[in-house]
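The values are calculated or read from the model by the stated rules, or taken from the named source; none is laboratory data. Fair warning: this is a prediction, and the values are worked out from it, not measured in the lab. Counting neighbours? That spans all protein chains shown, and the Cβs are built from the backbone with ideal geometry, glycine included.
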């Protein structure tokens, strides 16, 4: 939703903003009808009052752990700047999980910079170890260099990389301009609230992209649906839709990935017991996957429920904050209903209420479901979760580097990059497929646990093959030529890559995002 009142107990009360002009005369039916008509005409014309076109930097919304995203916090629109265009328009439901929205936005805007800093920190940790600034770990083996000096394993790339990711996630300031209602509109100024409401279509038209923070209550909010439908009808391309659970799950999966890679650098390997290392790695990964699979199954069920609701959507089934208050202010005076105003605007913009409902039931729902089911967890996201494997391989490569064995160093680097860029994306695709296949709710907690375990069991052969394909060349590394050492693991992963092509994919529906539901003749400019 676009706005909410100063009172923290109510969500997005845009209705009070309409009383900013002529509130004392709202009981006059004739005046109310004239005001409503002018408001609708202004909204349909997609004009924007100059002082309303404001934007902020994402880090301003992240301040104080996302205080601006929490309903219990009072915000004022003093940190924004007047602008001519907006890069991202944030669409969200105020009753959603505020912490989920905060972490999701943090990952979306700071994740790439955090990953770059994390890779640099991992290399820094390795460099400091090789220079003798950090101690090593023997792991049950005694190595010596050419001069007889003791050599130890590095255990610093993995923790340095994790720490660098955390610092980058918190400290980075993305240079984008976004429209966030609570910081771009002063909640204490009812006139600005009113002007922001009637300027919403124009703000959307001047926004480069729409970022939808989706949660299960999102489809029931008329303002949220109207924002998405209006943006799609403007032929600006598909929106970016992300569930609010993506942020917490991404951070949790990344942390669990670090834990799963820890055995590769910490488990004693006296006697080159690669089977023990492989078993510990697979076991840690499987244990960490249980909560992730459970959350992902619930997410796919929520998307399926949303699709069923939107396929039969009627505006009468949606709600606005003013409807729950009986369209009465706290002092007992009536207020203009948001829903009536939106419906009147929809009639002018989309042709009729029925045309709007049909557009939402078909094109809008198709795009929304496609984005949520098939575009949320992309290849780059899987690669980011696989970077701990690369950092762990950096630590292991410290031993051959100290021996002066460049071939083994290159081999370990190729193993790490193959894990991050190929293995994790392939395993992620198959795990998402099996999770979606077994998404239905079980009849009991035991049935639920069995379905979660079944997803892990179906994905386990692919993970076991990947770990085995990595460990097999290591046992024969001394017998292979340098090119074979470098390419053994990537070549053994080709069957997994071919199987990746067999993962069912849904047709791309992005081209439908620009279709218009009805002819929209240009409106004359109307002054409010």
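Hey, does the stretch 85-95 have a residue that's part of a helix (DSSP H, G or I), surrounded by fewer than 22 Cβ atoms within 10 Å (Cβ to Cβ) and touching a strand residue (DSSP E or B) at 6+ places or on another chain (Cβ under 8 Å)? Looking for residues that are part of a helix (DSSP H, G or I), surrounded by fewer than 22 Cβ atoms within 10 Å (Cβ to Cβ) and touching a strand residue (DSSP E or B) at 6+ places or on another chain (Cβ under 8 Å), one finds none in the stretch 85-95, hence no.
Of all the numbered requirements in (1) at pLDDT below 90; (2) under 30 Å from residue 437 (Cα atoms), residue 372 misses one, and that requirement is (1).
Taking the criterion of being at pLDDT below 75 and surrounded by 20 or more Cβ atoms within 10 Å (Cβ to Cβ), would at least one residue in the stretch 477-485 satisfy it?
yes
Taken over the stretch 434-463, the criterion of being closer than 30 Å to residue 488 by Cα and surrounded by 13 or more Cβ atoms within 10 Å (Cβ to Cβ) is satisfied by 434, 455, 456, 458, 459, 460, 462, 463. Can residue 330 be described as modelled with pLDDT under 80 and outside any helix (DSSP H, G or I)? Answer is yes for this residue. Of the set (1) within 30 Å of residue 137 (Cα to Cα); (2) at pLDDT 90 or above; (3) more than 29 Å from the chain's Cα centre (by Cα), all apply to residue 390 but (3). If you go through the stretch 205-218 and keep only what is farther than 23 Å from residue 54 by Cβ and surrounded by fewer than 23 Cβ atoms within 10 Å (Cβ to Cβ), you end up with 215, 216, 217. Within the stretch 156-198, the residues that satisfy the criterion of being more than 21 Å from the chain's Cα centre (by Cα), buried (at least 23 other Cβ atoms within 10 Å of the Cβ) and assigned to a loop (DSSP other than H, G, I, E, B) are 156, 185.
Of all residues being over 19 Å from residue 395 (Cβ atoms) and either modelled with pLDDT under 80 or more than 16 Å from the chain's Cα centre (by Cα) (or both) in the stretch 245-278, which is surrounded by the most Cβ atoms within 10 Å (Cβ to Cβ)? Just the residue, please.
275
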